[in-house]
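The next block holds one structure in the form of C-alpha cells; read it before the comments.
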Amino acid sequence: MPGPTRQRERTSEEETETEEETGCPECESDSLVRSADGGGELVCEDCGLVIEEENIDRGPEWRAFNHSERQSKSRVGAPTTQKWQERIRTKDAGERNLQFALSEIDRMSSALGVPRSVREVASVIYRRALDDDLIRGRSIEGVATAALYAAARQLNNPRSLDEFAAVSRVEKMEMTRTYRYIVRQLGLEVKPADPEQYVPRFVSRLDLDEEVEREARALLRAAKDAAVTSGKSPVGLAAAAVYAAALLTNQKVTQSQVGEVADISEVTIRNRYKELLELDHGELVQ
C-alpha cells in the first residue's frame, strides 16, 4: 500500500493532468504548454494566463538573445576576456622602475637635506635618461644617484661624492662612472664645483657665525686668484678655509670636527690648510 507522500505526488500529477486535459480556466482553451525556458510554468497559448508556476526561478534575471550577450551579462565563472586582468594588472616594468627611482631620489634628498628644486631637476634628468634608454645595463639606484648629484651641481647646491656615497645604495666608483656617462650622453651643463658653495653648510653645521663664513669666502677667493685651487677637491678647500677662518676669528674648532662635517680626512684639511698659509692673507695659527 503506498504511503502518504507517494499519494500526494500522485494527486499533484493527476491534478496537473486534469488541468491540461480540461483546458484554460480563463478562456477554456486547450492550448496549454510548458514554458521552454526551464521555468516550469504552464501557460495558455491563447490568452497567456499562467496556470501553474514553479516557486523557485533557477534562471538568470536578465535576458540574452545570443551567446555573446550571455557571456557579457553573466556574473559567475571565470572571465572570458582580458579586460578584468588589464584593470587589476600592476604597472609595467618601466613604470615600476621609474617609481622606484623617484622614491630613491626622494630618500637620498631627505638624507642630504637638499631643497625640493634639486629633487625636481633630478627627477627630470632621470626621466630623460629613461627615455633615451640609458638605464639599460646600469642599476636604477646608480642612475638615480647620478641624476641627483648632477642636479645638485647644476643648482649650485652641491654635496661631496663621499656624502652621496654615504646615502646611496651603490659604490662610489659606480656612482662616478654613471654620473660621467649620464652627463655626457644627455649633454648636461655642469660647471666645476665652486668651493665657496660648500662654506655656508659647513659653517652652519659647525654652529659658527657669519664672520667665519665671510673670512672663509675671502680665503677661497684669494686662493682662486693665486691659482692654487686648480686640481684640488673643492670640498677639501672649503673645509680648510672654514677651519682657517675660525682660527682667524678666534672661534674654537678642531680639524676633527671640520672633517666630520665635511666628510673628509684630517690629513686633507691639513694639506689644504698649509697651502692657504702660503697666501698673504693675515697670520694664521696652526
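Exceeding 21 Å between C-alpha atoms, which entries from my cross-link table qualify? They are 252/274; 224/274; 232/252.
232/252
In whole Hz, what ³J(HN,Hα) sequence does the range 178-184 give by Karplus (6.51, -1.76, 1.60; θ = phi - 60°), x for Gly and Pro?
5, 4, 4, 5, 5, 4, 5
Taking a ≥ b ≥ c as the square roots of the Cα gyration tensor eigenvalues, with a/c under 1.5 meaning rounded and otherwise prolate when a/b beats b/c, else oblate, which class fits the range 123-162?
Taking the square roots of the gyration eigenvalues as a ≥ b ≥ c, the range 123-162 is oblate.
For the range 150-158, what does the Karplus curve 6.51 cos²θ - 1.76 cosθ + 1.60, with θ = phi - 60°, yield as ³J(HN,Hα) per residue in whole Hz, taken in order and with x for Gly and Pro?
Per residue, the Karplus-derived 3J(HN,Hα) values read 5, 5, 5, 5, 5, 9, 6, 10, x Hz.
Can you sort 109, 117 so the residue with the fewest Cβ neighbours within 10 Å comes first?
Taking fewest neighbouring Cβ atoms as first place, the list is 117, 109.
Taking R0 as 35 Å, what's the FRET efficiency between residue 185 and residue 265 from their Cβ-Cβ distance, rounded to 0.05?
The calculated FRET efficiency here is 0.60.
Want the number for residue 221 to residue 116: 0.36 nm per residue separation, take away the alpha-carbon distance, what's left?
Taking residue 221 through residue 116 to full extension adds about 34.9 nm, to one decimal.
Which loop GluC sites (Glu not before Pro) in the range 200-286, with loop taken from DSSP, have no more than 15 other Cβ atoms within 10 angstrom of their Cβ?
Counting only loop positions with at most 15 other Cβ atoms within 10 Å, the GluC sites (Glu not before Pro) in the range 200-286 are 278, 283.
At most 14 other Cβ atoms within 10 Å and a DSSP loop assignment: could you name the GluC sites (Glu not before Pro) in the range 116-173 that fit?
Here the GluC sites (Glu not before Pro) that fit, given the DSSP loop and packing criteria, are 171.
Got a sec to turn the phi values of the range 241-253 into Karplus ³J(HN,Hα) couplings, 6.51 cos²θ - 1.76 cosθ + 1.60 with θ = phi - 60°, whole Hz, x for Gly and Pro?
Values per residue, Gly and Pro as x: 5, 5, 4, 5, 5, 5, 5, 5, 9, 6, 10, 6, 7 Hz.
What is the extension gain from residue 167 to residue 124, computed as 0.36 nm multiplied by their sequence separation minus the C-alpha to C-alpha distance, in nm to one decimal?
Extending this stretch completely gives an extra 13.4 nm.
Note down the nm distance, to one decimal, between modelled labels 7 Å out along Cα→Cβ at residue 209 and at residue 95.
So the label points at residue 209 and residue 95 sit 5.7 nm apart.
Bear in mind that the values in this text are calculations on the coordinates, not laboratory data. Please read all numbers here as calculations on a predicted model, not as lab measurements. Positions of Cβ are generated from backbone atoms using ideal geometry, with glycine treated the same way; all protein chains shown enter the neighbour counts.
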